[in-house]
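Here the structure comes first, spelled out in structure tokens, and everything after it is commentary.
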Amino acid sequence: MNFSVPQLPAPAGRFGRKKRAAGLLASLAAVALLASGCAPATPGPSGTGSTQTSAAKPAGPVAACTEGTAGKLPLPADWQAPSPATGATKTAAKAPTGPQTANTAAITLPIVANKATPTLPTTVTSCDKQLVDVTDVSRIVTIDLNGTLTEIVHGLGLGANVVGRDRAADFPQAANATVVTPTGHDLNAEAITALNPSVVLTDTTIGPLEVQEQLRAVGIPVIFFDPSRTLPGISHQINAVAGALGVAAAGVELNKLVGADMVAALSMVPQDSTPTRVAFLYVRGTAGVYLMAGPGSGADDMIKAVGATDVGTEIGLKMPFTQLTSEALIKAAPDALLLMTGGLESVGGVDGLVKIQGIAQTPAGANKRVVDVADGTLLSFGPRTGQIIKALSLAVHGAPQ
Amino acid sequence: MTATIPAEAGTETRTPQESKESAVAPKPGRAPTKRTAKDRLILGTLAAALAVTAVVAAGTGQLPIAPMEVVGSIIHGFNNWLQGWLDYFGTGWNAPFGGAPLPEHARGYETLWSVRFPRVVLAMIVGAALACAGTVMQGVFGNPLAEPAVVGVSSGAAVGASTAIVTGLATQGNWVVAIFAFLGGLITTLLVYSLSRSKGRTEVVTLVLTGIAVNAFTFAMIAFYTYVADPNAREQLIFWQLGSLNGASWLSVASVLPLLLAGLLMAFLAAGQLDLLALGERSARHLGVNVERLRMTMIVTVALLVGAGVAFTGIVSFVGLVVPHLIRIIAGPGHKLLLPASALGGALLVLLADLGARTLVTYSDLPLGMLTALIGGPFFFWLLRRTRNEQGGWA
């Protein structure tokens, strides 16, 4: 019995009885080597294919990962704010003090106007370098830590096809799909399979990765997308998802909508000579555990996008999230703190936050300049990001004059 | 005679006759096994219970599949296997069981074969390995509290696995984690053995204290790894500490099955010698047992079994403690019955615990180690009370 055949424990035809016995003896090593070949533990950028920017049917496989890391690419030209020289220099109102909440209630997910008919089948180079054939997009399951993929699929006009999603996707259109990650972690392969998905879009931010492998073994096409969350990465992510689902034209259209939002948001960001220094803190509960975001966290890009300085990057943090001592926080001296609304509530609001050692001693703590933003938005890096930046900018700087 | 081994004598009433049975064996460890009717009844009952539970477990899950469809899927799998051979020999015949009912759900058949069945099989392997490791440890240490998780061998294996995960070696393949887990388990077992023994025996208190020290150290190591790890590796570490069979595949089954079989074989071969060892080290030596060699072989055996038990599943605690003690209460302390019965019982316990882990909460997968500890903790307490009432506790 050859256990390494993913579908069934049936004998591979080319193995004779003697070879089979030998194969069993060497099963530990041999099977393990196979495992290393299939493990999606280190998805790298794929070397082939190109991001689809036109509506034409792709010639080669669609690349789920962009060449190099998406974060190193520049923001698309038509997403950038017009150069400040053309308009009057925008100066912020007097910097607000006291708690601010980014007004994300009015944010609507941009959805392409024309419902596209998917051109199938497509072949996708998943981030783990596997070629995945997509023949049916009628039942899509989207799972990642930040809700990004769910958001993009909805933006592409295929929201009705989403049968299962992660918990992070918090926009109203997503409500109909089953949440397959009630705890945010620990996927269950059987529960996802029970939805009978025709394709699963995911990335390495959620797992255990063995579950995604099991879904593949069951015969469901599983595509890993780029796990990094950066501002320039959004348009590539949209194109990659659109290409994979056979609606490349919708991807281009959605990128235009998002680009327009982005330009509107970035144009209203004040250009200060001394940028506000903002630190994103991940706090949960009153146990005094807080992590500061640094490079690669996603929060760094959002803080930069609103014309502020990311304190975590500035003080030389190396990891996306770092547990900080009170003294290090006091030394970092942020002007403003950025938190998730849920996190802020878990420590008892701003009043509870400034009781945490080290926070009251920072300029931000002293002025209670704390900005909170709804949990599912800040790090979603999907089509709503332009509007989120706008709301965040208003909360950080106050309305421009 | 048995008064010198409080461990074995304590929980047992049938000790004298059982020990005598092994003691009269003509050649240590090679005695022809004569199973009594009671032995056969115990093993048979356990095997039957395991088989029934396995079928029920295979038929239960978050993807609903009717029992007949599960049976049909198994027949189909066998049929396809048969067909593979028929085609291989170029017979042109069709395998005869193509008509078996298949699951209504479109992905039912594949889900059974690539998600649920490997998980059920891995649960049994892990349970058998851990329970057997517990039995062997209790035999070698002459100590009722010896258990992979209690004395820190499981967490030692976890440190090995964490090392592989944090250093990025794990990306070379799952087998690297398994090998590191084995090495970690081996080093820790040797450490516990050498630290807790003095003058040829291990006292309960010394062993437990050694276990506390070893556990403290290994948890500190894991905490350090958690601190330095990137978020992805951190998730894996947490998974390891809680224990879970989520993600079981035929690959992991094939990787740990040789470890289990080797460990079981070594343990079964030494069953007679373990019985003699229970008489005390001197008596065993006089009866022809090479005690030091036996101890070292059994330490490697424990490391093999624990490696198999934790490599893909993380720390699943208390199985090695609960199962052998329960079996001893029913079957007596003779290792020739105790070892296979513990293996069956352990497989049964983990199978049941995992059934709960994967079905209790919809769309979620509970940590298996958490469930076994929830059962094992109170049991441990009951064991302490029971021993105390019957013989005044363990010194």
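Percent of alpha carbon pairs in segment B:210-362 separated by more than 28 Å? Tail fraction, whole percent: 32.
Whole-Hz Karplus values for segment A:125-138 come out as 8, 5, 4, 8, 6, 8, 7, 10, 8, 10, 10, 8, 10, 6 Hz, taken residue by residue from phi with 6.51 cos²θ - 1.76 cosθ + 1.60 and θ = phi - 60°; glycine and proline positions read x.
Working note: Debye formula, equal point scatterers on the alpha-carbon atoms of segment B:151-277, no solvent; log10 I(q)/I(0) at q = 0.10, 0.11 Å⁻¹ is -0.39, -0.47.
Take residue A:272, project a point 7 Å from its Cα along the Cβ direction, then tell me which residues of segment A:350-366 have their backbone nitrogen under 12 Å from it. Label zone hits: A:364. With Cα atoms defining each centre, segment B:345-360 and segment B:174-194 are spaced 25 Å apart in the structure.
For residue A:276, the amide hydrogen comes within under 5 Å of the amide hydrogens of A:309, counting only partners 5 or more places away or on other chains and with H modelled in the peptide plane. Residues whose amide H comes within less than 5 Å of that of residue A:290, counting only those at least five positions distant or on another chain, are A:324 (H built at 1.01 Å from N in the peptide plane). For segment A:320-351, the residues whose amide N sits under 19 Å from a probe point set 7 Å from the Cα of residue A:366 along the beta carbon direction are A:326-338, A:351. The longest part of chain B holding none of the exposed loop trypsin sites (Lys or Arg not before Pro), meaning those outside H, G, I, E and B in DSSP with at most 10 other Cβ atoms within 10 Å, is B:200-395. Applying the Karplus relation 6.51 cos²θ - 1.76 cosθ + 1.60 with θ = phi - 60° to segment B:323-328 yields 3J(HN,Hα) values of 5, x, 5, 4, 5, 4 Hz, where x marks Gly and Pro. Mean separation of Cα pairs under 8 Å and 6 or more residues apart, divided by the residue count, gives chain B a relative contact order of 29 percent.
Report the gain in length on full extension from residue B:295 to residue B:385: 0.36 nm times residue separation, minus Cα-Cα distance, nm rounded to one decimal. Once the chain is fully extended between residue B:295 and residue B:385, it gains 29.4 nm. Normalised Debye scattering of segment B:30-119 at q = 0.11, 0.14, 0.20 Å⁻¹ gives log10 I(q)/I(0) of -0.49, -0.67, -0.92, counting only Cα atoms as equal scatterers and leaving out solvent. Start at zero, step by 10 Å, and the Cα-Cα distances of segment A:169-302 spread as 9, 27, 35, 22, 6, 1 percent across the bins.
Pulled fully out, how much extra length does the chain show between residue B:216 and residue B:51, if you take 0.36 nm times their separation in residues and subtract their Cα-Cα distance? Fully extending the segment from residue B:216 to residue B:51 adds 55.5 nm.
Close amide H partners of residue A:128, meaning residues 5 or more places away or on another chain with modelled amide H under 5 Å apart, are A:224. Directionally averaged projected area (chain B, Cα convex hull): 21.6 nm². Rounded to the nearest 500, the helix-only mean residue ellipticity at 222 nm of chain B stands at -23000 deg cm²/dmol, with each DSSP H run of n ≥ 4 adding -39,500 (n - 2.57). Mind putting together the pair-distance distribution for segment A:246-401? All Cα pairs, 10 Å bins, whole percent per bin, short to long. Distribution as computed: 11, 40, 33, 12, 4, 0 percent.
Residue B:199 to residue B:85: FRET efficiency via 1/(1 + (r/R0)^6), r the Cβ-Cβ distance, R0 56 Å, to the nearest 0.05? It comes to 0.40.
Just so you know, all these numbers are worked out from the coordinates, no wet-lab data involved. Source: prediction; values computed, not measured. Every residue, glycine as well, gets a Cβ built from its backbone with ideal geometry; the counts of neighbours run over all protein chains shown.
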